[in-house]
1. Confirm whether residue A:186 is assigned to a helix (DSSP H, G or I) and either touching a strand residue (DSSP E or B) at 6+ places or on another chain (Cβ under 8 Å) or open to solvent by 30 Å² or more (accessible area, probe 1.4 Å) (or both).
2. Grab the helices (runs of 4 or more DSSP H) fully contained in the stretch A:1-85, keeping just those with 3 or more residues being farther than 30 Å from residue A:120 by Cα.
3. Take residue B:47 and decide whether it is without any contact (Cβ under 8 Å) to a residue 12 or more places away in the chain, surrounded by fewer than 24 Cβ atoms within 10 Å (Cβ to Cβ) and facing chain A (nearest Cβ under 7 Å).
4. Give just the number: which of (1) surrounded by fewer than 23 Cβ atoms within 10 Å (Cβ to Cβ); (2) within 16 Å of DNA strand C (Cβ to nearest atom); (3) more than 10 Å from chain B (Cβ to nearest Cβ) does residue A:86 not satisfy?
5. Please work out which residue is surrounded by the most Cβ atoms within 10 Å (Cβ to Cβ), limiting yourself to the stretch B:22-44 and to residues that are more than 8 Å from chain A (Cβ to nearest Cβ) and under 29 Å from residue A:53 (Cα atoms).
6. Condition (residue is in contact with a strand residue (DSSP E or B) (Cβ under 9 Å, 6 or more places away or on another chain), within 13 Å of chain B (Cβ to nearest Cβ) and modelled with pLDDT of 95 or more) applied to the stretch A:206-221: is it met by at least one residue?
7. Just one of the numbered conditions (1) of a type outside the set (Ser, Thr, Tyr); (2) open to solvent by 30 Å² or more (accessible area, probe 1.4 Å); (3) assigned to a strand (DSSP E or B) is not true of residue A:147; which one?
8. Among B:236, B:253, which is farther than 22 Å from residue B:72 by Cα and within 10 Å of another protein chain (Cβ to nearest Cβ)?
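The values are calculated or read from the model by the stated rules, or taken from the named source; none is laboratory data. All values reported here derive from a predicted model rather than from experimental measurement. Cβ atoms come from the backbone with ideal geometry, glycine included; neighbour counts cover every protein chain shown. When the accessible area is computed, the model is the full protein with side chains, heavy atoms only, and any ligands, DNA or RNA have been set aside. Shrake-Rupley method; radii C 1.70, N 1.55, O 1.52, S 1.80 Å.
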There are 2 protein chains.
Amino acid sequence: MAEIARIAGVDISTVSRALAGSSRVAKETRELIDQIVRDTGYVVNERGRALRDGRANQVLVIVSDIGAPFYSDVVQGIVETLAERDINVLLGVTLRQSKREEKLGNQLMTGVVDGIITVTGTLPTTILGMQGLSSKVVAISRPVPHDGVTCVTIDNYAAAKEVMVQLHSMGHRRILHIGGPTSSETYRERSAAYVDFMRDNGLGEFVNMRSTDSFKDDAESGFAIMKSMLDDGLHATAVFCATDELAIAAMAAARRANRSIPGDMSFFGIDDLKVAGLMSPPLSTVAVPRFEMGRKGAEALFRQVYRGAPPSDKIVLDHRLVMRDSVAQAR
Amino acid sequence: MAEIARIAGVDISTVSRALAGSSRVAKETRELIDQIVRDTGYVVNERGRALRDGRANQVLVIVSDIGAPFYSDVVQGIVETLAERDINVLLGVTLRQSKREEKLGNQLMTGVVDGIITVTGTLPTTILGMQGLSSKVVAISRPVPHDGVTCVTIDNYAAAKEVMVQLHSMGHRRILHIGGPTSSETYRERSAAYVDFMRDNGLGEFVNMRSTDSFKDDAESGFAIMKSMLDDGLHATAVFCATDELAIAAMAAARRANRSIPGDMSFFGIDDLKVAGLMSPPLSTVAVPRFEMGRKGAEALFRQVYRGAPPSDKIVLDHRLVMRDSVAQAR
DNA sequence: ATGAAAGCGCTAACAG
DNA sequence: CTGTTAGCGCTTTCAT
């Protein structure tokens, strides 16, 4: 910029103003500067700007594993939304290791980013003391245990209950449940809906659920859990899985054990991943607006961090039951 | 930091040295400063550091769509690798729109990032004139049309040829091909291997391929193309798809048209996505080291950008044929 | 071993 | 309308 000023024979501050589109610059001066900028291919140095402005125009998105389809769709929504607002997205993965999460927290502390969107249900302890924290953070899909933090979710209890109502209406009574990590409120709600529904409908004796532990791949867990259930001789006509990934893996395990789907066993998932409809048989599930969750979360964070809006507690998006051929009338 | 210096009663430069672990600081001074830093919870401002150092310790990863499983696995490898080296990853998505890609190029120009890893096979024109460009960029999976840029790939021609050899050895002669976007060298090679093999084995008359255009979702395209092939009455015992996503969608389309797999038709993909083995029937494919590609690409960029190493042209990783039940002996 | 001072590139307040 | 000046937070000579 100093270079531009030198060539144009004006002060650097005039160049700055011209580039900022200030009205207090003579038309001729502006045109001259614009011309030189074009000729030299000059672009502003954002690092200088960031230091001066006291903000980075960047936010951090924390996921446990971007390879999981659920997260990657949420992130896509976030990135698209923030790109429209000229905010950059830093991607952090925790691999469910708190050490990595702590380190990511530093990005906010050191001013590398202006805010955080987390899809892990946890918050780095490094940032817990930070002032004004709740307006610098948004949680998506999984709420964080911290007051006043905006959380974008669906009604997990209701969604799971709808699945149960549907299975029940098709004659299923012996229904198994494969749950997600109980450390997450999201999965606790889905599982609670299963248990409650069974009890409320006099099926308490058939309640049987196993949950993944948090430190394993969903697909791997789903396969292993379904296999263990079958090995243990559990009898059931339907299996309600807390996610599509679990369901897809569980179906594979059931087929491996020579169960036909949905002849012997019906399967339900939650998420409506893109592959769900392409499976054989296509998977019944609950459509979760992943992309939209990312978008809404990004919008909320943007408003809070860059527009001074207050946090908004809970933003609940709609879900939708999707019936496909993995579920049949109970025999 | 000024605050720390004030409390400690030393100069700010001494604090800087102490925090940097310089040997030219008295033990007592260092301990005092460390204590104050702990008490106050001070952390350095990375923006100031970035301006002063002339680098951002960040790199940009460009993908067309992070929701696609192939890319998200590559990105996972990149993020993990660079996190170990304290380099941040900015995620940029192009949605295959050059406008968005151009804009991402500015991140390098303006100093927001020190380098770029692209998985799109293209380079923003905004950075083309940049000096030392080739050492600031690494391409993964798809080479970019620019001299001297490191590219991490597999041997696509060989991989596709192995698929063909396998199908041929199992008696398949009438083999269809569903190709990826011809704008990408990667897919041109895979398709070329198909065509070459067919011709070289006297099957030229059976050559029949259709490719996705670049602007559509793989799954959607795969379904539509397979459907059109069946609608057009093309006769075949096997379909070789350029990616697993295409294959999965194509299988769904074939089933929809009452083809049994692999009874009526065998299917082959490339990638070995996690779901490939969970399909029914499990999909035969070529395992591509997506995570490792990300890792190798990230390492290469790190060496080039932060260690001054020269670009290394091509880095070719191993692939592996994976036979599963979607392929059977031709009848 | 420590301090003083300069400067990374930018913008905004103030003066003219 | 334009120039001068200061300062964002940091590191690194150069003195001492």
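1. Yes; evaluated as a whole, the condition is true for this residue.
2. Where helices (runs of 4 or more DSSP H) fall fully within the stretch A:1-85 and carry at least 3 residues being farther than 30 Å from residue A:120 by Cα, they are A:2-8, A:12-20, A:27-40, A:46-53.
3. So residue B:47 fits the description; yes.
4. Looking at each condition in turn, residue A:86 falls short on (3).
5. Step by step, filter the stretch B:22-44, then rank; the result is B:33.
6. no
7. Evaluating residue A:147 over (1) of a type outside the set (Ser, Thr, Tyr); (2) open to solvent by 30 Å² or more (accessible area, probe 1.4 Å); (3) assigned to a strand (DSSP E or B) leaves (3) as the failure.
8. B:253
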